[in-house]
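The values are calculated or read from the model by the stated rules, or taken from the named source; none is laboratory data. As the structure is a computational prediction, the values presented were derived from the model and not from experiment. Every residue, glycine among them, receives a Cβ derived from its backbone with ideal geometry; neighbour counts consider all protein chains shown.
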Amino acid sequence: AQSVAQPEDQVNVAEGNPLTVKCTYSVSGNPYLFWYVQYPNRGLQFLLKYITGDNLVKGSYGFEAEFNKSQTSFHLKKPSALVSDSALYFCAVRSGYSTLTFGKGTMLLVSP
Amino acid sequence: NAGVTQTPKFQVLKTGQSMTLQCAQDMNHNSMYWYRQDPGMGLRLIYYSASEGTTDKGEVPNGYNVSRLNKREFSLRLESAAPSQTSVYFCASILQGDSGNTIYFGEGSWLTVV
């Protein structure tokens, strides 16, 4: 069975500082990894995904994520956080044509 | 382009009442999903439909039924609502055929069962 772990319920960072939201996964076969963001009272919005190729994936709003196969990780990063980045972030994984499995989510709070 | 549309946005039900959540997508996707989101639990799959005419149980199907009415529409029915079904429900769709394709979500339906 596939699974995703987001070890931090909440991440706090000051505006302008770099941010990292952690994600590790477990899957049989080649993983397809996704990050979604959810703003209050809204649906999930796609940020970025890793399918194959370059381990550093760039996505929307200046976010990027690094795929590390040996550590089975796919951490979300941004060089300089904005207050408007404050939201709930979900990591998700699938393999082959399996359904998408989500982590429990990490709340990112960026302080001014 | 509306994407994935869910109705209603908000609903309050009494225990034992029934209701149907509607979902439609206009992206010509073949697979559709219903998830529920609860605090600290992430998103859990209730039911999915890999293609028109098929439905399968997900992680938490008890208390729910689904209907894939056509390629565009996938409804979720609560036959006898219980307080444990108080949650936020999300419909999603994907163009199956490429494992790397992105799943797209609706804006959610907030359901409270009292």
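Taking the listed residues B:97, B:53, B:63, the one that is modelled with pLDDT of 95 or more and either of a type in the set (Val, Ile, Thr) or over 11 Å from the mean Cα position of the chain (by Cα) (or both) is B:63, with no other qualifying. Of the numbered criteria (1) within 11 Å of chain A (Cβ to nearest Cβ); (2) surrounded by 16 or more Cβ atoms within 10 Å (Cβ to Cβ), the one residue B:3 fails is (2).
Within the range B:34-46, if we keep just the residues that are of a type outside the set (A, V, I, L, M, F, W, C) and farther than 16 Å from residue B:104 by Cα, the residue that is surrounded by the most Cβ atoms within 10 Å (Cβ to Cβ) turns out to be B:42. Applying the condition of being modelled with pLDDT under 95, within 16 Å of the chain's Cα centre (by Cα) and among the β-branched types (Val, Ile, Thr) to the range A:92-112 and asking which residue is surrounded by the fewest Cβ atoms within 10 Å (Cβ to Cβ) yields A:101.
Filtering the range B:69-78 for residues that are farther than 22 Å from residue B:112 by Cα, within 13 Å of chain A (Cβ to nearest Cβ) and surrounded by 15 or more Cβ atoms within 10 Å (Cβ to Cβ) leaves an empty set.
Which of the residues belonging to the range A:42-70 are of a type in the set (Lys, Arg) and loosely packed, with under 15 Cβ neighbours inside 10 Å? Result: A:42, A:58, A:69. Pairing each residue of the range B:23-37 that is outside any strand (DSSP E or B) with any residue that is of a type outside the set (S, T, N, Q), provided the two are 6+ apart or on different chains, yields C-beta distances under 6 Å for B:26/B:2; B:29/B:94; B:29/B:95.
Considering only residues in the range A:76-91 that are of a type in the set (A, V, I, L, M, F, W, C) and surrounded by 13 or more Cβ atoms within 10 Å (Cβ to Cβ), the one that is nearest to the other protein chains (Cβ to nearest Cβ) turns out to be A:90. Are any residues in the range A:34-55 facing chain B (nearest Cβ under 9 Å) and of a type in the set (A, V, I, L, M, F, W, C), and if so, which ones? Within the range A:34-55, A:34, A:44, A:46, A:51 meet the criteria. The strands (runs of 3 or more DSSP E) found wholly in the range A:1-83 and carrying at least 2 residues that are within 15 Å of the chain's Cα centre (by Cα) and among the β-branched types (Val, Ile, Thr) occupy A:19-21. So which residues in the range B:60-97 are part of a loop (DSSP other than H, G, I, E, B), without any contact (Cβ under 8 Å) to a residue 60 or more places away in the chain and closer than 22 Å to residue B:12 by Cα, if there are any at all? Hits for the range B:60-97 are B:60, B:61, B:62, B:63, B:86.
Residue count for the range B:47-66 under the criterion of being in contact with a Ser or Thr (Cβ under 7 Å, 6 or more places away or on another chain) and surrounded by fewer than 14 Cβ atoms within 10 Å (Cβ to Cβ): the result is 1. You will find that of A:26, A:73, the residue that is more than 13 Å from every other protein chain (Cβ to nearest Cβ), over 20 Å from residue B:41 (Cβ atoms) and hydroxyl-bearing (Ser, Thr, Tyr) is A:73 and no other. Residues of the range A:36-55 that are touching a strand residue (DSSP E or B) at 6+ places or on another chain (Cβ under 8 Å) and either among the aliphatic types (A, V, I, L, M) or closer than 19 Å to residue B:93 by Cβ (or both): A:36, A:37, A:38, A:43, A:44, A:45, A:46, A:47, A:48, A:49, A:51.
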